[in-house]
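This report refers to the structure that appears directly beneath it.
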Amino acid sequence: MPAKATKSTSTNDQSIAYYDDENHNYEDFWVGREYEHNSELIALSKLLHNKHYQVAMDYGGGYGRISPAILDHADKLILVDPSNKQLDIAKKHLKQYNNVEFVRIDKQDTVPADDNSIDLLVMVRVSHHLPDPAATFAEINRVLKPGGEAIIEVANEAHFINRMRYLKHLKGVPKEPVAIGQVANGIKENTPFVNHNPKTIQETLDQLGLQPVTKLSVSNLRHQYLKEHLSLGRMLAMERFFQGKLSVLDFGPSIFFMVKKTSK
Ligand SMILES: C[S@@+](CC[C@H](N)C(=O)[O-])C[C@H]1O[C@@H](n2cnc3c(N)ncnc32)[C@H](O)[C@@H]1O
């Protein structure tokens, strides 16, 4: 069984060091992961379909991998990230856009924006580095305009295959974040890398008054056997079909929550 995550106060420092490391190239992580990348783009296009926002933020946006998908639905994008290296790469990656601002997150668990200033905030593949995400969610709530929306992607400890593993050991999925795969992922020792229980995430969002809009289950077919035996096109067609349907089961390894700010 994976270890429970210890709540760390040095989240940012450790994960910045990882993304700033000259020997680590986050873009390389995506080579061979076309299925996951496109599954996430499908999820974003479903959630943002027919919507348009004035000011959007790509929180922990890295080198801007998903920024173009957000820019399709926004007048202006603010990409924020704690890593100078990722921000530098993002500036090159998104150089054809003249409506993107790049801002460094220089304080842990904060969102660098004024109260009630953001119409849409998207946070994808960052929850992995948040062993205690409540403070970040409170910040997201603070910066959203009333009626503004957030898409929060969560690495799902309760995905179907894991649930079977827990069942085999006659255990339930822990409510708390679970530390995972440092060694397998080449993650530096002490870099926080956790999975979350979507039910706990939902409770935390509820407590802040962030109202559920939609939920999607993403990368549902992420399995080596399927990747070897099915074409990418077929996998993505199935993915598109299942994202909504499997969300009630929290089936996939990645859950996209879309929430709306209800408070003033
Ligand atoms: C796995 S990458 C994801 C980047 C981008 N969102 C994407 O989906 O391609 C994680 C990003 O989160 C940033 N990050 C790490 N710890 C963070 C934290 N505590 N708060 C905000 N961003 C963080 C990293 O610098 C990195 O760019």
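The values are calculated or read from the model by the stated rules, or taken from the named source; none is laboratory data. Source: prediction; values computed, not measured. Ideal geometry is used to build each Cβ from the backbone, glycine not excepted, and the neighbour counts take in all protein chains shown. Accessible surface is based on the protein model in full, side chains and every heavy atom, while ligands, DNA and RNA are left aside. Shrake-Rupley method; radii C 1.70, N 1.55, O 1.52, S 1.80 Å.
Applying the set (1) free of Cβ contacts under 8 Å to residues at least 60 places away in the same chain; (2) open to solvent by 30 Å² or more (accessible area, probe 1.4 Å) to Ala134 leaves exactly one unmet item: (1).
Residues that are over 29 Å from Gly148 (Cβ atoms) and either in contact (Cβ under 8 Å) with a residue 40 or more places away in the chain or not in a loop (DSSP other than H, G, I, E, B) (or both) within region 228-264 comprise Glu228, His229, Leu232, Gly233, Arg234, Met235, Leu236, Ala237, Met238, Phe241, listed in sequence order.
The set of residues in region 100-120 that are in contact with an Asp or Glu (Cβ under 6 Å, 6 or more places away or on another chain) and without any contact (Cβ under 8 Å) to a residue 40 or more places away in the chain contains only Thr110. Of all positions in region 136-146, at least one carries a residue that is within 15 Å of the ligand (Cβ to nearest atom), within 25 Å of His37 (Cβ to Cβ) and among the aliphatic types (A, V, I, L, M). From the list Tyr63, Tyr26, Tyr35, the one residue that fits, being touching a strand residue (DSSP E or B) at 6+ places or on another chain (Cβ under 9 Å) and crowded, with 16+ Cβ neighbours inside 10 Å, is Tyr63. When Arg165 is tested against the conditions (1) of a type outside the set (Asp, Glu); (2) closer than 21 Å to Val124 by Cβ; (3) open to solvent by 80 Å² or more (accessible area, probe 1.4 Å), the lone failure is (2).
Note on region 86-114: among residues that are outside any strand (DSSP E or B), open to solvent by 50 Å² or more (accessible area, probe 1.4 Å) and farther than 29 Å from Lys264 by Cβ, the one that is farthest from the ligand (Cβ to nearest atom) is Asn98.
Are any of the residues in region 47-56 more than 9 Å from the ligand (Cβ to nearest atom), touching a Phe, Trp or Tyr at 6+ places or on another chain (Cβ under 7 Å), part of a strand (DSSP E or B) and open to solvent by less than 50 Å² (accessible area, probe 1.4 Å)? Within region 47-56, none of the residues are more than 9 Å from the ligand (Cβ to nearest atom), touching a Phe, Trp or Tyr at 6+ places or on another chain (Cβ under 7 Å), part of a strand (DSSP E or B) and open to solvent by less than 50 Å² (accessible area, probe 1.4 Å).
Checked against the criteria, Leu120 does not count as surrounded by fewer than 21 Cβ atoms within 10 Å (Cβ to Cβ) and either part of a strand (DSSP E or B) or not β-branched (Val, Ile, Thr) (or both). Kindly indicate whether any position in region 187-194 is modelled with pLDDT under 95, open to solvent by less than 50 Å² (accessible area, probe 1.4 Å), closer than 26 Å to His24 by Cβ and not β-branched (Val, Ile, Thr). Taking every residue of region 187-194 in turn, at least one turns out to be modelled with pLDDT under 95, open to solvent by less than 50 Å² (accessible area, probe 1.4 Å), closer than 26 Å to His24 by Cβ and not β-branched (Val, Ile, Thr).
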